[in-house]
Amino acid sequence: MTQLNTPYPSTAYLTGFLRARTIDAAQVDLALALVLKLLSSDGLRGIHDGVSRTPIRKRSPSVSNFHAHFERYVETIDPAIAYLQNRDATLAHRICSRSFLPEGPRFSSLEAYSDADGDALGWAFGALGTQDRARHLATLYLNDIADVIRDAVDSRFEFVRYAESLAASQPTFEPLASALAAAPTFVDSTLLQLTLDTIRQHRPSLVLISAPFPGNVYAAFRIAQWIKAHDAAICVALGGGYVNTELRALKERRVFDYFDYVTLDAGERPILSLIEHLQGKRKRSELVRTYVRINDAVEFIDCNEPDIAFSELGTPTWDGLPIDSYLSLLDMLNPMHRLWSDGRWNKLTIAQGCYWKKCSFCDVTLDYISKYETASAETLVDRIEAIVRETGQSGFHFVDEAAPPKSLKALAQELIKRKLSISWWGNIRFEKSFSPELCRLLADSGCIAISGGLEVASDRLLKLMKKGVSVEQVARVTRAFTDAGILVHAYLMYGFPSQTVQDTVDALEYVRQLFSEGCVQSGFFHRFTCTVHSPVGKNPQEYGVTLHPATDATFANNDINFTDSIDVDHDALGGALKKALYNYMHGVGLEADVRSWFDGKVPRTTVPKQFIARALAQNA
Ligand code: B12
């Protein structure tokens, strides 16, 4: 399960690469297929069977509501999906009437938004925002159905992650093994049918399953299990972001009851080597970054052959994916989350890896961060042109860790030179080099939004985490983006080692001022987690933390529990930070003393009231 608005790009990259090498390859998005199947009239009937088997006293409000209005759900599901797929825009009027879609508990969130006339969402979408309003209502309707699936059919279900806890930082394979041995749920059997249909259609000799996130892993194993049961001769391999991050110390033999091969990091070279091996042209000892089971033991084989250069990877292809069937959802009323879940974005990498690779909370020791490589602006724009030609769509999400300013500048100049009209957004660092002139150039080339890390807004902690930016610098850079008409989203963090209550209050004061001065429009506070691949995980003493790693990890290894040198209840503070930020994004509470967001007593901020205004004035 990944986001539903657009395909995750790994299959597009690999299919494009393999086809460029004249290897016959096809790609399928079973995550989307599964969701569309569940959200069809047949799917709802299957869900209803589960509901009927749930004793009345055990039914949650979502389940009871679904049962009571079941016929209405069946009648409305296909039109609602067609609407969310942008195939039937005029239905917006009926959806906005609030008498078309059945409304379950999820709709109660709307009460909080009613304006003085009792018009829910009036403040957010105004009188004319019918399409967005309908999209939000239809998203709540799907969320109600997801709750029903979770409460009555399969407690592990979510649209963008399925059974995530079985895989995320799971030191042993045990929980996954027992889930895989259990009888399939209705969600599983639906996926099983889709898997078998796909195998019959394509008749593959090799299946590559991509698991970018922990919430894909259980389903990946299920798919492999069913392929093997259907035809044990089909070779099945696993790779992707989850594997690259969490399975670097894999010792679990049972993984190979499902997969023949598991590979690490960029997939192109390992896959070419694997195909040559399967064709009898390469010895097993010449595989690249590949785990195999030999004599009942897991071995990691890596003949150290160099990776394919970034400039030689070829162009991703979306051919074979149903690009008109993805769902444009409008879930949270946060402008950046909207880009993540709404719209069919083509995905492309500007540079591989991160050019900075110093941030102490980040997985900088892993290849996908540390191995930095660029391609020329001409090559990138050739790829962009080819993708627009193929998909007919001109929106791009650059999926870099942090796109380098130099490459973005060259790319913008090339896009403008070729008079190519695209829209693009992506992740950057708030570097000094993003001057007002450069921001305007990026906007002219189609940049609509950027996200970047302000992390813990505190110069002491930014220095400790080796972020290489200061709060003043972030203020000036974000303001330059905003002035150029580009939406700015700030990644924020709390709970970093040695962060005091005072640091947290001060960080919120900086954030308040940044919103108030029109520097950022969107943000999200993430809780710091320590991973084994980050500088904090590698050198805990430098950060004053004591690690408590899992001692017997044979499967996944990523997050590590730790104790900080100071004792602060970050959970309690986190709630206040999120509440304040949510309000700031809607322009609410910007005048209030930041202490008012916290439940308990916290100290007054030490940040001067005009700190950000003064930082901006220095620039003028
Ligand atoms: C852009 C991005 C996002 C975006 C867009 C996500 C999307 N759905 O498109 C946003 C910000 C929304 C996001 C959200 C999340 N993300 Co994110 N994201 C990334 C990022 C920076 C790039 C992903 C990308 O598009 N890469 C380009 C593709 C082509 O690379 P790739 O998938 O790795 O594929 C290559 C190889 O892995 C390999 N390969 C892939 N599949 C296969 C299969 C086989 C068989 C083989 C042999 C090889 C192979 O070959 C490919 C080409 O070389 C990565 C980090 C990174 N640099 O990769 C994190 C990353 C994938 N995200 C991660 C996480 C955890 C998440 C979230 C779960 C965070 C959260 N707690 O909510 C969510 C999940 C969202 C969802 N369900 O869709 C982790 C996953 C690690 C893990 N612990 O499992 C990563 C690795 C970052 C990290 N270290 O924390 N993410």
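What follows is calculated from the coordinates using simple rules that are stated; it is not laboratory data. Just so it is clear, the structure is predicted and the values come from calculations on it, not from any experiment. Cβ coordinates were reconstructed from backbone atoms using ideal geometry, including for glycine residues, and neighbour counts include every protein chain displayed.
A few points about this structure:
- Inverse mean reciprocal Cα-Cα distance (Kirkwood Rh) of the range 452-505, Å: 11.8 Å
- For ASP231 and SER376, the difference between the fully extended length at 0.36 nm per residue and the C-alpha to C-alpha distance is 47.8 nm.
- Each principal axis of the Cα cloud of the chain was taken in turn, and the coordinate range along them, longest first, works out to 69, 60, 56 Å.
- Debye equation applied to the C-alpha atoms of the range 18-106, log10 I(q)/I(0) at 0.24 Å⁻¹: -1.25
- Computed [θ] at 222 nm, deg cm²/dmol, the chain (DSSP H ≥ 4; -39,500 (n - 2.57); rounded to nearest 500): -12000 deg cm²/dmol
- Overall dimensions of the range 411-461 by Cα: Rg and Dmax, Å: 13.4, 45
- D by Stokes-Einstein for the range 108-245, Kirkwood Rh over Cα pairs, 4 °C, 1.567 mPa s: 73 µm²/s.
- Highest to lowest packing among 283-295, 494-506, 599-611, scored as the average C-beta count within 10 Å: 494-506, 283-295, 599-611
- Gain upon complete extension [ILE23, VAL399; 0.36 nm per residue less C-alpha separation]: 132.8 nm
- Residues LYS58, LYS406, ranked from the fewest to the most other C-beta atoms within 10 Å, line up as LYS58, LYS406.
- Near-label residues of the range 64-101 by backbone N, under 16 Å of a point 7 Å along Cα→Cβ of SER41: 70-83
- Relative to its Kirkwood radius, the Cα radius of gyration of the range 219-370 gives an Rg/Rh of 1.01.
- In plain terms, the chain from ASP444 to SER565 could stretch by 38.8 nm, reckoned as 0.36 nm per residue minus the Cα-Cα distance.
- Ratio of the Cα radius of gyration of the range 564-620 to 2.2 N^0.38 Å, where N counts its residues: 1.38
- 3J(HN,Hα) along the range 470-476: 10, 4, 4, 5, 4, 4, 5 Hz, from the Karplus curve 6.51 cos²θ - 1.76 cosθ + 1.60 with θ = phi - 60°, whole Hz, x for Gly and Pro.
- Residues ALA183 and ALA89, FRET efficiency given R0 of 45 Å [Cβ-Cβ distance, rounded to 0.05]: 0.60
- Efficiency of FRET from Cβ geometry, SER435 and TYR368, R₀ 51 Å, rounded to 0.05: 0.95
- For CYS439, net neighbour charge (Lys/Arg +1, Asp/Glu -1) across residues whose Cβ lies under 13 Å away: +1
- Mean projection area, nm², convex hull over Cα of the range 327-465: 9.5 nm²
- Only lysines eight or more places from LYS37 in sequence, or on another chain, were considered; those with a Cα closer than 27 Å are LYS58, LYS228, LYS347.
- In the range 481-595, the inverse of the mean reciprocal separation of distinct Cα atoms equals 15.9 Å; this is its Kirkwood hydrodynamic radius.
- Close amide H partners of VAL207, meaning residues 5 or more places away or on another chain with modelled amide H under 5 Å apart, are CYS235, VAL236, ALA237.
- Taking amide H as placed 1.01 Å from N in the peptide plane, LEU487 has its amide H under 5 Å from the amide H of ALA449, ILE450, each at least 5 places away in sequence or on another chain.
- For PRO79, net neighbour charge (Lys/Arg +1, Asp/Glu -1) across residues whose Cβ lies under 13 Å away: 0
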